[in-house]
Amino acid sequence: MPSYLSPGVYVEEVEAGSRPIEGVGTAVAAFVGLAAQGPANTPTLVTNWSQFVQSFGDFIDGSYLAHAVYGYFLNGGGAAYIVRIGADGNQPAAHLELAAADDKGATALRLTALDSGPIGNDITVEVSEPSQPGEGIFKLVISRSGADTETYDNVSLKKGKQSVATAVKAASKLVRVEETSTTALAPISGKSTLVGGGASVAVQVAPDDYSGNAADRTGFAGLEAVDEVTMLAAPDVMALYQQGVIDLEGLQAIQLAMLAHCELMGDRLAILDAPPGYNAQQVKEWRMEKAGYDSKYGALYWPWIKVFDPVAGQARFVPPSGHIAGIWARNDDTRGVWKAPANEVIRGAISLELQLTKSEQDQLNPVGIDCIRAFPGRGIRVWGARTLSSDPAWRYVNVRRLFNYIEESVIGGTQWVVFEPNDMALWQRVRRTINAFLVRTWRDGALFGATPQEAFYVKCDSETNPSEVIDAGQLVVEIGIAPVKPAEFVIFRIAQFSGGTSLAE
C-alpha cells in the first residue's frame, strides 16, 4: 500500500472486474517433408505460396510436400510451419572463383551460394567498371531469377570501408565472399555463373528423421517449441513408401510418431494419409488389422485426390492431407472450430483415386476412416469428420479441436493468476473471467444449451480448494462444457395418413 505523509489529493490506478480471455488461433498447420532447398530441420513460417517457393523451392519429383502446401493455401490456409527433412545441411553449395586481372591468373575472390543445393546454380555474377574509376575499384552485380539483384559499386579487394567482402557479408542474401588474394587488382571483368550445387532431394530418410530429437530440435520434436501449431501433416511419408525407401512398417512407425507427438503436446491433431492404391476393403483391413491406430489426436482421410502437376505437365494423384488442413483452416475462419470440417468442397481436386459408394462408406465410417467422395453437381467433398479414437466421447474432430481451443485459451488468459493470494476474492475473479469467456463461446454457437447454465459450469470455491489444496500451493478450477455435436445422420420420418374432410348435414 502507498504511504500518505502529507496532505493532498492522490490518484491510484486499480484493477476493476475480470481480465478478458482472448481466444487462441486454431488454424496453423505444420508440414514435414522433402524440399528442393531451404533450412534443414528448422520450423520456418510461411504465410503464402510465394514465400514457400522462395524459401523451399517449387514442385519437384519424388515429393508431395509442395503439392500439400499449395493445396493448403488454395483451400483457405493462412499460415504454416515447414520442416524440411532429408537434408543434413551439408549439401554441396554452388561456388565460383574469380581470377585477378594480372598475368599470373591468381584467384581474387571465391563466392559460395548461401543456400545449398541446385538453387545456387542459378546465381550469376558480373564484374564491370565502377561509377568512380580508381586503382583496384570495380562493380560487382549478383543476381538470381526470382530474387532481387544485388549491386555493389565502387568496391575493392583492399581492407577498409570499400572492401567487397565486408559489403557482401552485410547485405547479400545470395552469396558469401571470401578474399583469396592480397593483390590490389580487381577481378577480371565479365559475367559468370555459380556451379556445383548438390542434388535436389536426399531420399535416404529413415523414420527417425521424422521423429527427430527434442534436444536438437529436429523432425516432429522440433515442433514442440512452436506453440501456434494446431495441425500436423507429413505427406512425403507416402512418397518415401512409393520409392521403396521405407516399407509399410516404417510408414506406420512415422504415423505413430505423429500421433505420439500430438498426444504429448495436447494442442494439435495429426492428419494422416492412407497408403495409395487401396480399395475400400484393403484400407479397412490396413486400418483395423495392421495399423490399429487409436487416438483422439488424429484423423485419417482416404482416398487420394488427383491434382495438376506442373512438373509432369499432367494430373497426378497426391495424398489429401495438405488440402484437408486447408479445409480445416477455412472452416475455422468461416464457421468456427466447433463446426465439423466436413461437407466442404476440396478446391483443386480434379477427381478421386477411387469413386466410393454409400455401401462402401458404411463399412469405413464407423472405424474412423474419413472418406472423400464425389457427388454429381456438388463437386468433390470431405464426407467424414471422425477421429481415430475408440472412445465415443471423442469421436468427432470438431469436439477434440473445440476442447483444444478452450483449454489453450484458458491457459493463456489466466497466467496472471499465478502467485496471486489464494483466497475467496481470487476464486471469484477467476470464475468471472472464465464465465465471461465461455458465455462468448456459447453465443458463437460452440456449446449446446438454451442458456449459459445449460451449456457450461465453472466451479471454484472452498469445495474444490480445501485447506490441504491451498497449503500445497494449488488453485483448482472445475470447468464443464457441453460441446455441440455434428448432425452426422439426418433422418426424416415420413408417414402416410388419411386426410380429407367429412360432410355433415
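Counting only residues at least eight positions apart within a chain, or on another chain, the aspartates and glutamates with an alpha carbon under 19 Å from that of Lys139 are Glu97, Asp102, Glu126, Glu129, Asp148, Glu150, Asp153, Glu178, Glu179.
Each residue of region 18-28 was assigned a 3J(HN,Hα) from its phi angle through the Karplus curve 6.51 cos²θ - 1.76 cosθ + 1.60 (θ = phi - 60°); the sequence is 9, 8, x, 9, 8, x, 7, x, 10, 10, 10 Hz, with glycine and proline shown as x. The ratio of the alpha-carbon radius of gyration of region 95-193 to the globular-protein estimate 2.2 N^0.38 Å is 1.00.
Using every pair of separate Cα atoms, the Kirkwood estimate puts the hydrodynamic radius of region 341-426 at 16.2 angstrom.
Provide, for q = 0.05, 0.07 Å⁻¹, the log10 of I(q)/I(0) from a solvent-free Debye sum over equal Cα point scatterers in the chain. Relative scattering, expressed as log10 I(q)/I(0), comes to -0.31, -0.55.
Please report the orientation-averaged projected area of region 416-505, defined via the convex hull of its C-alpha atoms, in nm².
Answer in nm², one decimal: 12.2.
Straight-line reach from Lys296: taking Cα to Cα under 27 Å and skipping same-chain neighbours fewer than 8 places apart, the lysines in range are Lys284, Lys339, Lys358, Lys459, Lys485. Taking Cα centre as origin and charging only the Cβ of basic (Lys, Arg, +1) and acidic (Asp, Glu, -1) residues, the dipole magnitude of the chain rounds to 1160 debye.
On a C-alpha basis, how far is the centre of region 214-292 from the centre of region 331-368 in Å? Whole number, if you could? Cα centroid of region 214-292 versus Cα centroid of region 331-368: 19 Å apart.
Seen from Gly250, the other residues with C-beta closer than 14 Å to its C-beta sum to a net charge of -4, counting Lys and Arg as +1 and Asp and Glu as -1.
Taken about its Cα centre, region 416-505 carries a charge dipole of about 380 debye when Lys and Arg each add +1 at the Cβ and Asp and Glu each add -1 at the Cβ. In the chain the longest region clear of chymotrypsin sites (Phe, Trp or Tyr not before Pro) that are loop-assigned by DSSP and have at most 11 other C-beta atoms within 10 Å covers 11-418. Note that region 186-270, at 20 °C in a medium of 1.002 mPa s, gets a Stokes-Einstein diffusion coefficient of 142 µm²/s from its Kirkwood radius over C-alpha pairs. DSSP beta bridges fully contained in the chain are about 70 percent antiparallel. Just so you know, the Cα atoms of region 1-159 work out to an Rg and Dmax of 26.9, 90 Å.
No value in this document is a laboratory result; all are computed from the given coordinates. The shown structure was predicted, so the numbers you read here are calculated from the model rather than taken from an experiment. Please note: Cβ atoms are built from the backbone with ideal geometry, for glycine as well, and neighbour counts cover all protein chains shown.
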